[in-house]
Amino acid sequence: MNICVVGDGVMGGGIVQTVAQSGFEVIWKGYNNETISQAQDKLEKNLLFLLDKEIIDKVEKDAISNRIKTTLSYDDCKACDIAIEVINENMELKKEVLKSLDKVCKPEAILATNTSSLSITEMAAATNRPERVIGMHFFNPVHAMKLVEVIKGQLTDEKVHDTIYSFAEEIGKVPTTVNEAPGFVVNRILIPLVNEGIGVFAEGVASRDEIDSAMKLGAAHPMGPLELADLIGLDVCLAIMEVLHIEFGDDKYRPHPLLRKMVRANLLGRKTKEGFYKY
């Protein structure tokens with residue numbers, strides 16, 4: 001089975017590495033020469049780390065690298081069996097990517113989207129194969145997080161679901177089937193918690209460190225909400241909150257003004273070296 005991944009950000013690189021480590025050939029489509037080169041360098045560092053820790057050996061490392069072919073052209077995706085788009089959480093941009101894949105991919109190919117909150121049905125409607133479009137939501141960091149939410153759109157064929165469910169298992173993940181709803185399961189619960197943590201911080205109820213420590217010690221969370229916001233990316237948190245707020249029309253999902261302000265200042269967390277913490 002041949003896999004194509006469109007997107008050369010953190011998540012795209014993580015998915016490419018995971019898929020290639022699992023023995024699949026991967027076509028990795030980047031945005032431009034600079035971004036795909038940077039993404040390749042990051043992936044190479046990840047593999048060298050695994051080699052240094054003796055998690056893989058030199059033969060395995062070389063085999064993984066050789067399974068990955070990079071490109072800037074959608075035409076190189078035409079032979080893939082599964083294409084996974086992993087670009088920014090923007091509906092119109094994702095539709096454009098899926099349209100481009102729809103034009104070049106063989107009719108039986110499955111188009112998967114790594115969206116964290118957007119409508120699978122709406123994206124599928126932009127293609128000529130809505131029954132073969134499905135959500136495949138990975139979590140960051142991809143190599144460490146076992147869950148993949150498999151999200152069916154209104155018209156997703158059951159056999160397509162079964163194929164993606166099995167594929168997720170083949171790459172070492174634990175899939176869970178989700179019917180389409182804003183935010184799906186994890187982010188509908190998790191991101192409002194992050195948003196509330198930001199509100200508690202903005203109101204001066206407790207300091208940044210005290211908020212995160214309280215949730216780790218009092219709720220047994222592995223990291224606090226502000227640490228988590230930085231890991232996810234404040235821009236991603238804002239995008240998800242906006243989807244929840246628009247779709248449900250409930251003010252409990254209204255993004256906190258501080259979240260908006262920090263995104264406008266490009267204080268997005270780890271990806272920009274500063275968010276609630278400095279990195």
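What follows is calculated from the coordinates using simple rules that are stated; it is not laboratory data. Note that the structure is predicted; figures quoted are calculated from it, not measured. Neighbour counts are summed over all protein chains in view; Cβ atoms, including those assigned to glycine, are modelled from backbone coordinates with ideal geometry.
Side notes on the structure shown:
- Residue in segment 209-231 that is touching a strand residue (DSSP E or B) at 6+ places or on another chain (Cβ under 9 Å), under 27 Å from residue 20 (Cα atoms) and touching a residue at least 24 places away in the same chain (Cβ under 8 Å) present: yes
- Whichever residue in segment 13-33 is of a type in the set (Val, Ile, Thr) and within 13 Å of residue 170 (Cβ to Cβ) and, among such residues, is surrounded by the most Cβ atoms within 10 Å (Cβ to Cβ): 19
- Candidates 106, 58, 42: the one that is surrounded by 14 or more Cβ atoms within 10 Å (Cβ to Cβ) and not small (Gly, Ala, Ser) is 42.
- Residues in segment 181-208 that are among the aromatic types (Phe, Trp, Tyr) and out of contact with any strand residue (DSSP E or B) (no Cβ under 7 Å at 6 or more places or on another chain): 201 only.
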